[in-house]
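Reviewing the structure listed below.
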Amino acid sequence: MDTFMAIDNMMGQLGWIILLGVIGLMMIGVTVLMILRQPEDPLTKLKRNQSAVASSRSSQHSLRQSDRNEQLEKFAKFLEPENVDELSAKELMLRQAGYASRDAVRFFHFAQMILGISGMVFGIVYVNFLGGGVGLTTQKMMLYTVGPGAIGYYLPRYWVTKRVAERKEQITRGFPDALDMMLVCVEAGQSLDQCIVRVASELRASYPALAEEFEVVAYEMKAGKDKITVLKDMGERCGVQDISSFVTVLVQSAAFGTSISDALRVYAEEMRDKRVMRAEEAANKLPTKMTLATMMLTVPPLLLILVAPSVLGITQLGAGVR
């Protein structure tokens, strides 16, 4: 009864009608979501796939542009650098971050534009309409207005740079294991192409970034691209010195006609030694880091425990003397 009275006091005489209306709208929304999430009819899916295949065969141009975003295509002039070298550098950076889509550059610049404008709008609203600019100087007001826009504009670049560093670290950690697998496959009698395909499938669970790069190499080799060119492209895409050295070893082995297994055995041993050296380096850095953390977390409480009673006694003694 108290609940009913509270609802009447809050919403008035039409409170129950409003409440029932809100519940009805919620039920309608849940029903619409359930309808939208129903599995697609297999027959409808088959017809759609057949129509897509027929349309792709009808035009080679549509096949090439099928994975491009048509809405972004209209604004390609504003979302892509006109300089070819700058565009290639941006594509390489996004590819190293794991974004291999053809529209990656456009999405990157679109995100910069949207976040920059949104941040500037937020700054303007905060300063002029929410009272954030009361008592501020002109310089601080400009900073609070333009600052969020600049942060939003540079946020995608920071995210991509962080992703590039993480992906390179993952490739560096997984590359010694990949070399050992490749050596086993080559010594078992498999060709380099088969070896790369097998290593890519085995590394998918533990090192997905490295497995993705090996899959790209395998697909390009199946497409008939020159093996040396494919390997050099892999070294450029990864941006890791170990991968570049590995590509150089394979290229030299193919040029001089030496055994690939011998080259892989020597380089795999070198990579294992390098991984041990990285682990020892990290272990040697650990005591310094632990010392700093220990000093920061233990010295202030210890000083507080030791000095606080003396300070309290001196304070009480001074109060007694007065």
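How large is the dipole of the stretch 95-219 about the Cα centre if only Lys and Arg carry +1 and Asp and Glu carry -1, each at its Cβ, rounded to the nearest 20 debye?
Numbers: 12 positive and 11 negative charges, 157 e Å.
Dipole of the stretch 95-219, to the nearest 20 debye: 760 debye.
How do Met182, Met27, Met221 line up, fewest other C-beta atoms within 10 Å first? Please list the in-between numbers first.
On the way: Met182 23, Met27 10, Met221 17.
Sorted ascending by nearby Cβ count, the order is Met27, Met221, Met182.
Beyond 24 Å between alpha-carbons counts as too far, so tell me which of Lys162/Lys285; Lys222/Lys274; Lys168/Lys222; Lys227/Lys274; Lys225/Lys274; Lys90/Lys274 fall in that bin.
On the way: Lys162/Lys285 22 Å; Lys222/Lys274 32 Å; Lys168/Lys222 26 Å; Lys227/Lys274 27 Å; Lys225/Lys274 32 Å; Lys90/Lys274 31 Å.
With Cα atoms farther than 24 Å apart: Lys222/Lys274; Lys168/Lys222; Lys227/Lys274; Lys225/Lys274; Lys90/Lys274.
Read phi for every residue in the stretch 84-98 and hand back ³J(HN,Hα) as whole Hz from Karplus 6.51 cos²θ - 1.76 cosθ + 1.60, θ = phi - 60°, with x for Gly and Pro.
Here the 3J(HN,Hα) series is 5, 5, 5, 5, 5, 5, 5, 5, 5, 4, 5, 5, 5, 7, x Hz.
Taking 8 Å as the Cα distance limit and 6 or more residues as the minimum spacing, I'd like the relative contact order of the stretch 173-250 as a percentage. Write down the numbers at each step before the final one.
Working: 52 pairs, mean separation 17.4, N = 78.
Relative contact order here is 22 percent.
Starting from the Cα gyration tensor of the stretch 146-261, take the square roots of the eigenvalues, sort them a ≥ b ≥ c, and report rounded, prolate or oblate (rounded when a/c is under 1.5, otherwise prolate if a/b is larger than b/c, else oblate). All intermediate terms of the calculation are to be shown ahead of the outcome.
Values: a/c = 2.60, a/b = 2.17, b/c = 1.20.
Cα axes put the stretch 146-261 in the prolate bin.
Can you tell which of Val299, Ala188, Ile314 lies farthest toward the positive end of the dipole of the stretch 178-322, using +1 and -1 charges on the Cβ of basic and acidic side chains (Lys, Arg; Asp, Glu)?
Ile314
Say the dipole of the stretch 82-166 comes from +1 at the beta carbon of Lys and Arg and -1 at that of Asp and Glu; which of Ile124, Gly135, Thr145 then lies farthest toward its positive end?
Result: Gly135.
Calculate the dipole size of the stretch 168-273 relative to its Cα centre from +1 charges on Lys and Arg beta carbons and -1 charges on Asp and Glu beta carbons; express the result in debye to the nearest 20. Provide the component values of the computation, followed by the final result.
Working: 11 positive and 18 negative charges, 44 e Å.
Roughly 220 debye for the stretch 168-273.
Using the count of nearby Cβ atoms within 10 Å as a rough guide to exposure, how do Val311, Val217, Val186 rank from fewest to most? Please list the in-between numbers first.
Numbers: Val311 10, Val217 23, Val186 20.
Listing Val311, Val217, Val186 from fewest to most nearby Cβ atoms yields Val311, Val186, Val217.
Tell me the net charge near Leu155. Cut-off is 13 Å between Cβ atoms, Leu155 excluded, with +1 for each Lys or Arg and -1 for each Asp or Glu.
Numbers: positive: Arg157, Lys162, Arg163; negative: none.
Net charge in that neighbourhood comes out at +3.
With a point put 7 Å past each Cα toward its Cβ, work out how far Ala205 is from Phe107 in nm, to one decimal.
Placing both labels 7 Å along Cα→Cβ, they lie 2.8 nm apart.
May I ask you to derive the FRET efficiency for Ala255 and Asp85 from their Cβ-Cβ distance with R0 = 35 Å, giving the value to the nearest 0.05?
According to the calculation, E is roughly 0.75.
Going by C-beta contacts inside 10 Å, put Asp226, Asp85, Asp177 in order with the fewest on the left.
Details: Asp226 11, Asp85 8, Asp177 19.
Fewest to most other Cβ atoms nearby, the residues stand as Asp85, Asp226, Asp177.
If I model a spin label as a point 7 Å beyond the Cα along the Cα-Cβ vector, how far apart are those points for Leu302 and Tyr126 in nm?
Calculated label separation equals 4.1 nm.
We did not get these values from a lab; they are worked out from the coordinates using the rules stated. Source: prediction; values computed, not measured. For neighbour counting, all protein chains shown are included, and Cβ atoms are generated from backbone atoms with ideal geometry for every residue, glycine included.
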